[in-house]
Every structure is written in structure tokens, then in C-alpha cells.
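The values are calculated or read from the model by the stated rules, or taken from the named source; none is laboratory data. Fair warning: this is a prediction, and the values are worked out from it, not measured in the lab. All Cβ positions, even for glycine, are placed from backbone atoms using ideal geometry, and neighbour counts span all protein chains on display. Remember, those area values only see protein heavy atoms, side chains included, never the ligands or the DNA or RNA. Shrake-Rupley method; radii C 1.70, N 1.55, O 1.52, S 1.80 Å.
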Amino acid sequence: RGDMSRELKIMFSPGRVQLVQDEAMGPAPKVLVTGATGLLGRAVYKEFQNSGWLVIGTGYKRTRPHLLRCDLTDEDAIRGLLQEYKPDVIVHCAAERRPDVVERHTEAAVNLNVHATSTLAKEAAVCGAFFLYISTDYVFDGRNPPYGEDDSPNPLNVYGRSKLEGERETLRHCPGAVVLRVPVLFGEVESVSESAVTSLWLKVQEATESCTLDHCQQRFPTDTRDVAAVCRKLSERARQDPSIRGIFHFSAKEQMTKYEMAIAIAQAFNLPSNHLIPLTEQLAASTLRPMNSRLNCSRLELLNLSVEPRPFTAAITDCLWPFTPDKRWRQTVFH
């Protein structure tokens, strides 16, 4: 029949069967990724691109040829950007995420983590885009894990406070938005110092002298590729289902201290680890960090919006092998 000539697909996923119109007929959905030059933003950009979305990425200091340079602290620039590109979805990855830097340069960090977020949320609401704000487990004090989405935040440092303020601005100005809290991230890095996880590589390689590493604070190192997949799944579902809003948690499940991460890295690359020494008492640090801010991720899981996190050893090997001394040999053999 003439009115039935459009293509329909049957989609099966655990617990639900959907009949959906084939999206290939209409224009590709458009997503704006802020901080697309950063550790998470690069993975998010790639994930949406690989799934057939039209992706617009913004950067500032590290702008690349295919990305837009945009100062997110400039309200007019944000307004102009959204009016010109009219995205269906905005994934806000841009942030100052280094706690020590936030303590030292608080004003600049608050401008990005809070004020830019506020402007983006307002403008997303105006143009009807779905807004996804990336937040952190550092909104919790880490004294009573695990933490659900409705547990009371109590950030210990300025970074955590700024991200919590960003969450509140997001949901105040854009009630249909999603806040996604994630723990410490690692991924395909441009330099090992780009992530607190991959930077342990330098300690692992310093085999000539002993090296102390924190063995108190419990962490849940999470691969940016997994977070990116969750961002895409949330965005796809939220465009069809307005009940997808509010706060969600996503985290890998392997609990490790920095010492344990370093040992795992050494073992993954068959490197000695007896120079690594666990530090079991808390040193007086300039920036307080939560002891164990493990996130309960059941809300995401119950909605079938989660992904199975990559095992740490396999994922960290992916990220670090380009930095091994014999990488040139491997590239010729495997690439």
C-alpha cells in the first residue's frame, strides 16, 4: 500500500521489542560535542560519528581542522553557535577536570564548569535540544559508598563543588536534561599525563628508583569509549522518551587504588613492579579527595542504557601500548 512504503525495522533488546521507522530515510540527527579536543570529548565525537550522527565538535586551546573554535565562557558565541548549527543533542564534555588546577585557578574553572554550563543549558532549552552534562563522582565525600543518584552530595574540594553547581544550573535551566556522573577516566591519550590513570605509566617505567603510590583512595578507572557509548545510548533514547531526564551514574566495576592500577599496568606489559611501594597512610594533600565514591549505576542498567565496561587490563593496554619503546615494530607488524 502506498502509505506503507516506508521501511520499518524490528529492534530486539533484552526485555523489549520495538518496531521503528528506518532513520536512513530522514536527515541524520545532529549532535554538538563541547570539549571535543579533550580526553572524553574525542571519544564522544568518534562514537556519535561511527553511529551515523552529524557531529559538530568545539574546542578552544587545542582546536583541530574539523572542529570549531569556541570560547564557551562567551555567552554570545554560544548563542550564535546554537542558532547556526541547531543541534538535536548537546553533549557538554568541556570542563576543567584537574582538581589541583581548579584549586589554583578557581575563577577560570568556575567560569567554565558553572557559568558556561548555565548558558549552554539555557540555550539548549530555548532551541529544544536534548542537553547532556558530564559530571563526576567527586560531588560525593566518599565516606559512605556506594552512592545512588538521589544521595546527598557533599563535595570535598572546589572541583567537586564547581561540578555540583554545574549540575544544579543544568537542571534549573533545562529540566529535560540529563546529568551523567562518571569516575576517573582514561582512554586514547595524546600524552600519558592527560589522564591520572595513564600518567602512572611514568612511575611504572621508573624501575631504577623506588616509587610510593597511594594505596588508600579507592578508584574505579573507566574507559572513555564506554562513557561515550552510554552518552550515545542516552541521547538516542531521550529523543524518543522524555522521561529520560535527571541524574544517572555510570562507572566501571573494578575497584583499585593508584598502587593497584600501577601494578596492573606493570603486569600487562610484563614490566617489573617491585620498585612500586604502597602508601597506606593519608598524606596531607593540598586538595582533599574522596576515599571511596563508588557509584551505584542501577538506574542506567534497569533502563538498558548501560554498557558492559571493558576490563581494566585490556583497556589500559590499548591506551598505553603506543607509548612502549617497541611501538614502531608493533605498528609495522599489526597496522
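Listed values, structure above:
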{"item": "Answer from THR136, THR106, THR117 - the residue that is over 29 Å from GLU254 (Cβ atoms), hydroxyl-bearing (Ser, Thr, Tyr) and touching a Gly at 6+ places or on another chain (Cβ under 9 Å)", "result": "THR117"}
{"item": "Which numbered condition ALA252 fails, given (1) of a type outside the set (Ser, Thr, Tyr); (2) crowded, with 18+ Cβ neighbours inside 10 Å; (3) without any contact (Cβ under 8 Å) to a residue 40 or more places away in the chain", "result": "(3)"}
{"item": "Single unsatisfied condition, LEU213 versus (1) open to solvent by 30 Å² or more (accessible area, probe 1.4 Å); (2) assigned to a strand (DSSP E or B)", "result": "(1)"}
{"item": "Single unsatisfied condition, ASP151 versus (1) in contact with a Gly (Cβ under 8 Å, 6 or more places away or on another chain); (2) farther than 12 Å from THR136 by Cα", "result": "(1)"}
{"item": "Single match in VAL55, VAL17 (criterion: within 17 Å of LEU234 (Cβ to Cβ), at pLDDT 70 or above and either among the β-branched types (Val, Ile, Thr) or within 26 Å of the chain's Cα centre (by Cα) (or both))", "result": "VAL55"}
{"item": "Hits in region 216-244 (condition: open to solvent by less than 40 Å² (accessible area, probe 1.4 Å) and either among the hydroxyl-bearing types (Ser, Thr, Tyr) or over 24 Å from VAL189 (Cβ atoms) (or both))", "result": "CYS216, THR222, THR224, LEU234, SER235, ARG237, ALA238, ILE244"}
{"item": "Some residue of region 278-285 being over 25 Å from CYS93 (Cβ atoms), at pLDDT 95 or above, outside any helix (DSSP H, G or I) and open to solvent by 40 Å² or more (accessible area, probe 1.4 Å)", "result": "yes"}
{"item": "Test for ASP100: is it of a type in the set (Asp, Glu), outside any helix (DSSP H, G or I) and at pLDDT below 95", "result": "no"}
{"item": "From ALA124, ALA95, ALA109, ALA116, residue being assigned to a loop (DSSP other than H, G, I, E, B) and either crowded, with 23+ Cβ neighbours inside 10 Å or touching a helix residue (DSSP H, G or I) at 6+ places or on another chain (Cβ under 7 Å) (or both)", "result": "ALA95"}
{"item": "Residue within region 64-76 that is in contact with an Asp or Glu (Cβ under 9 Å, 6 or more places away or on another chain), among the basic types (Lys, Arg) and more than 30 Å from GLN255 (Cβ to Cβ) present", "result": "no"}
{"item": "Of residues in region 49-81 being assigned to a helix (DSSP H, G or I) and either closer than 15 Å to ALA94 by Cβ or among the hydroxyl-bearing types (Ser, Thr, Tyr) (or both), the one most open to solvent (accessible area, probe 1.4 Å)", "result": "GLU75"}
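Yes or no, residue by residue, for (1) open to solvent by less than 10 Å² (accessible area, probe 1.4 Å); (2) free of Cβ contacts under 8 Å to residues at least 24 places away in the same chain; (3) in a helix (DSSP H, G or I); (4) over 20 Å from THR73 (Cβ atoms):
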| site | (1), (2), (3), (4) |
| --- | --- |
| ASP151 | no, yes, no, yes |
| ASN154 | no, yes, no, yes |
| SER162 | yes, no, yes, no |
| GLY166 | yes, no, yes, no |
| ARG172 | no, no, yes, no |
| LEU180 | yes, no, no, yes |
| GLU188 | no, no, no, yes |
| TRP201 | yes, no, yes, yes |
